[in-house]
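Enquirer: One structure is given below, represented as structure tokens, and several questions about it will come after.
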Amino acid sequence: MTCYYLAKHLEACESKFSDLWSTAPDGYQDIFNFVVAKECPASCGVCSEEQLRATVAEADPGDWPRAALSPKRIPGSDGDAVRAHLAAAADLGPLVITHAMGPLFRPEAWTRSALRSRCSPPAGVPPAPPWPTIAFRQPSSVGAKWAGLRFENGAALGVRDLPSLIDEQDSGRLAGVALFDSPANHTCTRTLHRSANDHEPDAMPAPRFFPRDYEVALGGRDGEGLLRKGGNKWDDPDIFVSKRGTKTHVHIDGHCTRFWMLQLNGRKLWRVLPPNETVHLAGVPNEKGTDTHFLADVLEPQAERNADVNASLGAAEHMFEFVLSPGELAVIPENWAHAVFNLDDTIAITYNYVDEANLPCYLASLRAHAGRLLVKFFSQLAQGRALTDAANAFAHHPPLAYYAHLSTRAPSERTIRVLDDHQPWGDFFAQQGPYAAGGTAAIEAEVQKFARALFMLASTAPETTDSEEAEVLLERFDQLNREQGGSNGEHDEL
């Protein structure tokens, strides 16, 4: 009986161990107590959510069973070398860009105390939604939820802004809780260099290495529109603030997106595996079969739980390990599994994106999702939903809208670009799609073309069998969508 067994099969971390002991035969309580003390580290041996929120690992991760690989490290001044690696990153693996922001990054500007001061609201102005996005590692969520995390409403825990979270982390009450993928603009506007007229000292611009993101192609000048996070303005990039000893279980970012993370304070240990090695991580498909969670603990390779779940980490021949330090920027390619351990208190900014290199993979992911949506569209029509209402609603569904847009308007040339200079985030968003200048009105006009294609599809859809329904509907939708055309053509060159 191991920690994994207790957490998953007996849901020990969701209840009280005392409840479990009551079911043990007389005389076995001492044995149970011994097993818990021996097998359950602090991250699982605690029972309540309150204790989990306060828990951090006391020891650094265990050694990998084989020799680890080191990623390519390229100075930020060498744009050509960065461009070449990004073009082939899906095969080459992670990249670390050293001195990524050059003289724009000053370490002393990104200490926890400096960030707390920077992010404190003006006197007399109470905190307002959206609240910070916070999460902690929950053992019973490993293999069941993305990255084994439990996301929470910060306001319910008394965390209504970043300074209050920093205080609660430092007090120990929420030491195990991280600011996780929280939109930087909403969490602390002063962390971002928004425009050329923005003179906020030390605010971070958009790195010059990533000028394109097709995942916001249907977005306006300020990032509003049909974004994957709901269409709010400035929902990206995100900020992380974590305590030493917190960690993120191994996972893969969805929809074939790749991402970069700029380390601003402290050090993070990364372990990254290519797609062909994930067979050793004891994957568990989610209920819809659209994603995979992993049971293996790559940060503790020697843990007995890995044997429990039939993980075979020692058979993984290619695992990249590296430490990301302040001023460095890591790039993790699409479909590469990764786990992270905070060696220090850390602060970082991150952004998931789709560029010319991973656009085909992203489109394939969207196509699968769009097919499921088309089947659901016809199912709702069969249940009596009005065609006009259904066509309009489904045309606004981001995966279907992005598939319809990019499958016909993606650029024929797919050359990775690196700019000469970093740029304000406002400039970055303004150049992502042909609709930025026209704002939400231009985006809506484009989406209505998709709605007309859906309307026509409902009138002309061929008879299908269940096994081929999605593909047949997609082929017909593709044809109708192309017939709708568009005055915008391909995306403008940068």
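Enquirer: Looking only at residues that are part of a helix (DSSP H, G or I) and among the polar types (S, T, N, Q) in the stretch 99-120, which one is farthest from ILE166 (Cα to Cα)?
Expert: Residue satisfying both the conditions and the ranking: SER117.
Enquirer: Listed residues ASN153, ASN185; which is modelled with pLDDT under 90, of a type outside the set (A, V, I, L, M) and crowded, with 20+ Cβ neighbours inside 10 Å?
Expert: Within the list ASN153, ASN185, the selection yields ASN185.
Enquirer: Let me spell it out: the conditions are (1) in contact with a helix residue (DSSP H, G or I) (Cβ under 6 Å, 6 or more places away or on another chain); (2) buried (at least 16 other Cβ atoms within 10 Å of the Cβ), and LEU387 meets all of them except one. Which number is the exception?
Expert: In the conditions (1) in contact with a helix residue (DSSP H, G or I) (Cβ under 6 Å, 6 or more places away or on another chain); (2) buried (at least 16 other Cβ atoms within 10 Å of the Cβ), LEU387 misses (2) alone.
Enquirer: When the stretch 249-274 is examined, which residues are found to be polar (S, T, N, Q) and either buried (at least 23 other Cβ atoms within 10 Å of the Cβ) or not in a strand (DSSP E or B) (or both)?
Expert: If the condition is that a residue be polar (S, T, N, Q) and either buried (at least 23 other Cβ atoms within 10 Å of the Cβ) or not in a strand (DSSP E or B) (or both), then THR257, GLN263 are the ones that fit.
Enquirer: Kindly evaluate ALA311 against the criterion of being touching a strand residue (DSSP E or B) at 6+ places or on another chain (Cβ under 6 Å), in the same structural domain as PRO139 (by TED's automatic domain parsing), surrounded by 21 or more Cβ atoms within 10 Å (Cβ to Cβ) and under 24 Å from GLY143 (Cβ atoms).
Expert: Criteria not met by ALA311.
Enquirer: Go through the stretch 283-306 and give me each residue that's in contact (Cβ under 8 Å) with a residue 12 or more places away in the chain, of a type outside the set (S, T, N, Q) and in a loop (DSSP other than H, G, I, E, B).
Expert: Within the stretch 283-306, ASP291, LEU295, ALA296, ASP297, VAL298, LEU299, GLU300, PRO301, ALA303 meet the criteria.
Enquirer: Which one of SER459, SER379, SER365 is in contact with a His (Cβ under 7 Å, 6 or more places away or on another chain) and in a helix (DSSP H, G or I)?
Expert: Testing whether each residue is in contact with a His (Cβ under 7 Å, 6 or more places away or on another chain) and in a helix (DSSP H, G or I) leaves just SER365.
Enquirer: Then there's this: Taking GLY223 as the residue in question, decide whether it is buried (at least 22 other Cβ atoms within 10 Å of the Cβ) and modelled with pLDDT under 85.
Expert: yes
Enquirer: Look at the stretch 65-112 and say how many of its residues are on the phi > 0 side of the Ramachandran plot and either buried (at least 20 other Cβ atoms within 10 Å of the Cβ) or not assigned by TED's automatic domain parsing to the domain that holds ASP213 (or both).
Expert: So the answer is 1.
Enquirer: Residues that are among the acidic types (Asp, Glu) and touching a helix residue (DSSP H, G or I) at 6+ places or on another chain (Cβ under 6 Å): does the stretch 323-335 have at least one?
Expert: yes
Enquirer: Of the residues GLY314, GLY245, GLY289, GLY231, which single one is modelled with pLDDT under 95 and over 29 Å from ASP355 (Cβ atoms)?
Expert: On inspection, the qualifying residue turns out to be GLY314.
Enquirer: While we're on this one: Is there any pair with a first residue in the stretch 150-164 that is more than 13 Å from ALA128 (Cα to Cα) and a second that is aromatic (Phe, Trp, Tyr) whose Cβ atoms are under 6 Å apart and which are 6 or more apart or on different chains, and what are they?
Expert: What qualifies is ARG150/PHE136.
The values are calculated or read from the model by the stated rules, or taken from the named source; none is laboratory data. Worth saying up front: this structure is predicted, and the values here are computed from it rather than measured. Glycine gets a Cβ as well: all are built from the backbone with ideal geometry, and neighbour counts include every protein chain shown.
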